[in-house]
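Enquirer: I have a structure I would like to understand better, so I am pasting it below and will then ask my questions one at a time.
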Amino acid sequence: MSIELKNVTYTYSPGTAYEIHALKDISMYIPDGQFIGVIGHTGSGKSTLIQHFNALIQPTSGTILYNGEDVWAEKYDRRKLRSEVGLVFQYPEHQLFENDVLSDVCFGPMNQGLTREEAEVEAKKALQQVGFKEKNYSKSPFELSGGQKKRVAIAGVLAMNPKILILDEPTAGLDPKGRDDILDQIAELHKVRGITIILVSHSMEDIAKYVERLIVMNNGGVAFDSTPKEVFSHYKELEAMGLAAPQITYIMHSLKENGLDVDTDATTVAEAKESILDALKSGHSYLLREVQTAESTGSVGKRTDREENETCKPGERRSDR
Amino acid sequence: MGIIKAFKLGFDYLKYDDDGNVQETQRAVNDVNLDIEAGEFVAILGHNGSGKSTLAKHMNALLLPSEGTLWVDDMDTSKEPELWKIRQKAGMVFQNPDNQIIGTVVEEDVGFGPENMGIPTDDIWKRVDDSLEKVGMTAYRHHSPNKLSGGQKQRVAIAGVVAMHPRCIVLDEPTAMLDPNGRKEVLKAVRELNQAENVTVILITHYMEEVIHADKVYVMDGGDVVMQGTPREIFSQVDTLKKYRLDVPQVTLLAHELRLSGVDIPEGILTTEELVSALCR
Amino acid sequence: MIRDITLGQYYPADSVLHKLDPRTKFLGTMAFIISVFVFHTMPGYAVATLFLAGMIILSKVPVKFMFKGLKAIFLILMITVVFNIILTPGEILWKWGFLKVTKEGLSMAGRMAIRLTYLVIGSSIMTLTTTPNQLTDGLERLLRPLNHIRVPVHEIAMIMSIALRFIPILLEETDKIMKAQIARGADFESGNLIQKAKSMVPLLVPLFISAFRRANDLAMAMEARCYHGGDDRTQMKPLKYAGRDYVSFLILVVYVGIAIAFRVLGI
């Protein structure tokens, strides 16, 4: 179930004054089962890129292979491709149209030729997997909250049993809790269904937590394609592209520069916490209440220069513990 | 008395059945008391559906209270016969940049408010020039709004409000549909207006990073104001915020987690610098 | 395809035509349209062509844009031409079954083609050089006398100007919705007419809902910015005739005069 792009270029309005090179000579390989993040600011080409994956856009030049077959070959069944490579767009409002949730989710499977009964089986399975409650199946999709609409939209594509699921900005417009819920649900899907997930986002914080591979788009080209940790270590270059590494990356680098020997690869709050605790322990920091043993039972206010120096002594290794 | 003051403000959304009778009422805002001083930067936080947008629309007299009172610059919104006088004092910027720009050219859109107010032509031009300058959009004045980025569109919308010379600007989730760069642009413009022009700013959002510079933060949940205080006071209550479906900036969360693990640093750390200096003194 | 409609697509440039008062341009366009119906001979069309070419050059808008508008009416143009050729009675040049091509038919078809083409290009020049807002301002002023017979001129003008602003937005949205549904296996192309009409539902429902939502938001945004109808409203760009407008009117009078003279003299 691999997708391969070979020297793909896409130009909007070629030959006119409005010519824009949205993608420039992109080659990449997407194997089975990965959880991939695609990041880039508006206009970086990331939306154009994902629409090439399911043949919604035909490249100006270059080839796109799905399982080794050219998807733009003359006899190629692109409708079938689109059901195998599911794409969920940013705004659920752009796809919801039926009177009730269940019928709406059935739309995709029925387009694949399933009967209503068969489609309902798939639809129910999909709705359940995105955490949508059964009592709301008969509700109108238009009276749902933003987070629920998003779930229905994802289920609408999931019900077609895609092998690859692409989500464009699934968290846009959601509040923090709604955002975390949806992302957890997507990660769960990846685990349960074992399908490839491609998550497009602006938010480094969101992506750092979930993906195993991160593709950074800039100016129509691939700027980085590696593990999140490796990508975030280029945080200064990311900044030059108008992107920012997760706040944690900045904190860790800043701590390191100020002498606390932490692991600058940490990208999530949990990792950062561990690393800082380790560093503090190895430095016998007075800040750690746990290690405030007999000799330092003093109050918080009692801090000496000696202790402070010790806290942030450069060069101390975590392995010294 | 402050520029915006609410006393026991309540609002019900009414749902009608097919015959036009009230079928059910839904409480959107409940017993809210506010007193916002002129020149303040106030943030109202809340998850989707917490009632924050409904509250915001009262400040512009787009909605009138079901009970209680709201005063804008000493005018009672439910008693003022000419609502546009209130709207001129408290301008409003909405979430979707596409759905609030009326003009087909940037400068004509900025002039729309003053035109409605009956300002003489020469003055309109002065106001338009001035407002575009303040949000840094002068270079785009002859452009079509459709060709601008989201952040630029929102700055045009802000300029359109500034040109009405309001005493206060209410921004209802102005950054919800923008990318991180657009968000920064808009926030910078808003903060500058607040600092340089002393315009009262009421920012409604669910992005926590945007409120750390506010003078005061209100948190809403289920139509009630459930927390209020300085950003530091609010953000030191990480668990309470989580209960209201909100989160805190990563740095605050990290500091909070470290505290729970026994590291002796203060609560309510808001910036990277603060955390670094707390850990590496 | 739908993006090719030029109507309402302003092309920014710095030209005399851009600077003219929209009322002048509107009346000028009317005069030109009348003239292509008054002219009925080759020399007449030559004059109209010269006039049109002059305007295109003056507008500084690339010719390409002028012709884009023609694509939209190509089908109507073809139908008109074909019907005129086969349905006009007269001297038969060629015959096949009940179809016959006449000399009169050919000349009539040619004339209709010229008229339609010039009509579209002529109005494109106006829309390309005038912002929709100026255009509606101009119309509002020209039609103001109708206020006396209770025609809500200001409101109509406002509706037009908003419609013009939202056309590109809704077109873009249509495109996005189509893609979202195609990704769910929707098929907008194959099938017979009924199937095709049915397949439009997943496109039209989201589009209408979005349009209503936008309308609602926009109404609120307008109210928030103190919009309260046309009363006591001032204008940022009030319309005032300048020297160039009077010169333009003079040229127009001469041009229409020539058209009438040609007609009367039978040239």
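Enquirer: So, in the stretch B:58-86, exactly how many residues are under 18 Å from residue B:162 (Cα atoms) and in contact (Cβ under 8 Å) with a residue 40 or more places away in the chain?
Expert: Adding up the residues that qualify gives 4.
Enquirer: Let me ask something additional. Taking the conditions exactly as written (touching a strand residue (DSSP E or B) at 6+ places or on another chain (Cβ under 9 Å) and modelled with pLDDT under 85), does residue A:289 satisfy them or not?
Expert: In short, yes.
Enquirer: Which of the residues belonging to the stretch A:31-45 are within 14 Å of another protein chain (Cβ to nearest Cβ) and surrounded by fewer than 22 Cβ atoms within 10 Å (Cβ to Cβ)?
Expert: Matches in the stretch A:31-45: A:41, A:42, A:43.
Enquirer: Could you check residue A:231 against (1) buried (at least 20 other Cβ atoms within 10 Å of the Cβ); (2) at pLDDT 90 or above; (3) under 13 Å from the mean Cα position of the chain (by Cα); (4) under 28 Å from residue A:272 (Cβ atoms) and say which number it fails?
Expert: (3)
Enquirer: Does residue B:203 fit the bill of being within 14 Å of another protein chain (Cβ to nearest Cβ) and either among the hydrophobic types (A, V, I, L, M, F, W, C) or crowded, with 20+ Cβ neighbours inside 10 Å (or both)?
Expert: Taking the combined requirement at face value, the residue does not satisfy it.
Enquirer: For the structure I just gave you, tell me whether residue A:28 is within 14 Å of another protein chain (Cβ to nearest Cβ) and either part of a strand (DSSP E or B) or touching a helix residue (DSSP H, G or I) at 6+ places or on another chain (Cβ under 8 Å) (or both).
Expert: no
Enquirer: Filter the stretch A:248-264 down to residues that are open to solvent by 10 Å² or more (accessible area, probe 1.4 Å), facing chain B (nearest Cβ under 7 Å) and part of a helix (DSSP H, G or I), then give me how many there are.
Expert: 2
Enquirer: Sticking with this one: Does residue B:245 fit the bill of being more than 8 Å from every other protein chain (Cβ to nearest Cβ), among the charged types (D, E, K, R) and open to solvent by 40 Å² or more (accessible area, probe 1.4 Å)?
Expert: When the stated conditions are applied, residue B:245 does not pass them.
Enquirer: Can you pull out the helices (runs of 4 or more DSSP H) entirely within the stretch C:150-267 that have at least 2 residues that are among the small types (Gly, Ala, Ser), open to solvent by less than 40 Å² (accessible area, probe 1.4 Å) and touching a helix residue (DSSP H, G or I) at 6+ places or on another chain (Cβ under 9 Å)?
Expert: C:153-182, C:201-224, C:243-265
Enquirer: I'd like to check which helices (runs of 4 or more DSSP H) are fully inside the stretch B:57-140 and have at least 1 residues that are open to solvent by less than 30 Å² (accessible area, probe 1.4 Å), more than 9 Å from chain C (Cβ to nearest Cβ) and under 22 Å from residue B:183 (Cα atoms).
Expert: Correct list: B:106-110, B:121-134.
Enquirer: Do we find that residue C:85 is open to solvent by less than 50 Å² (accessible area, probe 1.4 Å), more than 14 Å from chain B (Cβ to nearest Cβ) and more than 22 Å from the chain's Cα centre (by Cα) in this structure?
Expert: yes
Enquirer: Right, something else. Does residue A:200 count as assigned to a loop (DSSP other than H, G, I, E, B), within 14 Å of chain B (Cβ to nearest Cβ), in contact with a helix residue (DSSP H, G or I) (Cβ under 7 Å, 6 or more places away or on another chain) and crowded, with 18+ Cβ neighbours inside 10 Å? Break it down into steps so the answer makes sense when it comes.
Expert: Values: assigned to a loop (DSSP other than H, G, I, E, B): no; within 14 Å of chain B (Cβ to nearest Cβ): yes; in contact with a helix residue (DSSP H, G or I) (Cβ under 7 Å, 6 or more places away or on another chain): yes; crowded, with 18+ Cβ neighbours inside 10 Å: yes.
No.
Enquirer: Another one. Please work out if residue A:120 is over 22 Å from residue A:78 (Cα atoms), within 12 Å of chain C (Cβ to nearest Cβ), open to solvent by 20 Å² or more (accessible area, probe 1.4 Å) and not polar (S, T, N, Q). Outline the logic, then answer.
Expert: On the way: over 22 Å from residue A:78 (Cα atoms): yes; within 12 Å of chain C (Cβ to nearest Cβ): no; open to solvent by 20 Å² or more (accessible area, probe 1.4 Å): yes; not polar (S, T, N, Q): yes.
So residue A:120 does not fit the description; no.
Enquirer: All but one of (1) more than 18 Å from residue A:156 (Cα to Cα); (2) within 12 Å of another protein chain (Cβ to nearest Cβ) hold for residue A:89; state the number of the condition that does not hold.
Expert: For residue A:89, the exception is condition (1).
Enquirer: For the stretch A:65-86, name all the residues that are open to solvent by 50 Å² or more (accessible area, probe 1.4 Å) and within 14 Å of chain C (Cβ to nearest Cβ).
Expert: The answer is A:77, A:78, A:79, A:80.
Enquirer: Which of the residues belonging to the stretch B:141-150 are open to solvent by less than 60 Å² (accessible area, probe 1.4 Å) and more than 21 Å from the chain's Cα centre (by Cα)?
Expert: Taking the stretch B:141-150 first, the residues open to solvent by less than 60 Å² (accessible area, probe 1.4 Å) are B:141, B:144-146, B:148-150.
Hits for the stretch B:141-150 are B:141, B:144, B:145, B:146, B:148.
Enquirer: Restricting the stretch A:46-64 to residues that are in contact with a Ser or Thr (Cβ under 8 Å, 6 or more places away or on another chain) and open to solvent by less than 50 Å² (accessible area, probe 1.4 Å), which is farthest from the other protein chains (Cβ to nearest Cβ)?
Expert: A:62
Enquirer: While we're here: Could you check how many residues of the stretch A:141-173 are farther than 21 Å from residue B:95 by Cβ, part of a loop (DSSP other than H, G, I, E, B) and within 11 Å of another protein chain (Cβ to nearest Cβ)?
Expert: Qualifying residue count, the stretch A:141-173: 3.
Enquirer: Out of B:19, B:12, B:35, which single residue is open to solvent by 10 Å² or more (accessible area, probe 1.4 Å) and either part of a loop (DSSP other than H, G, I, E, B) or among the aromatic types (Phe, Trp, Tyr) (or both)?
Expert: Criteria check complete, one pass: B:19.
Enquirer: If you scan the stretch C:124-146, which residues turn out to be modelled with pLDDT of 85 or more and more than 15 Å from residue B:144 (Cβ to Cβ)?
Expert: C:124, C:125, C:126, C:138, C:139, C:140, C:141, C:142, C:143, C:144, C:145, C:146
Enquirer: If you don't mind, there's one more thing I want to ask. Among the numbered conditions (1) touching a Leu at 6+ places or on another chain (Cβ under 8 Å); (2) under 23 Å from residue A:81 (Cβ atoms); (3) among the small types (Gly, Ala, Ser); (4) at pLDDT below 90, tell me where residue C:183 comes up short.
Expert: (4)
Enquirer: Which one is most open to solvent (accessible area, probe 1.4 Å), of the residues in the stretch C:7-48 that are over 18 Å from the mean Cα position of the chain (by Cα) and without any contact (Cβ under 8 Å) to a residue 12 or more places away in the chain?
Expert: Taking the candidates together, the pick is C:42.
The values are calculated or read from the model by the stated rules, or taken from the named source; none is laboratory data. Worth saying up front: this structure is predicted, and the values here are computed from it rather than measured. Counting neighbours? That spans all protein chains shown, and the Cβs are built from the backbone with ideal geometry, glycine included. Accessible surface areas use protein heavy atoms only, side chains included; no ligands, DNA or RNA. Shrake-Rupley method; radii C 1.70, N 1.55, O 1.52, S 1.80 Å.
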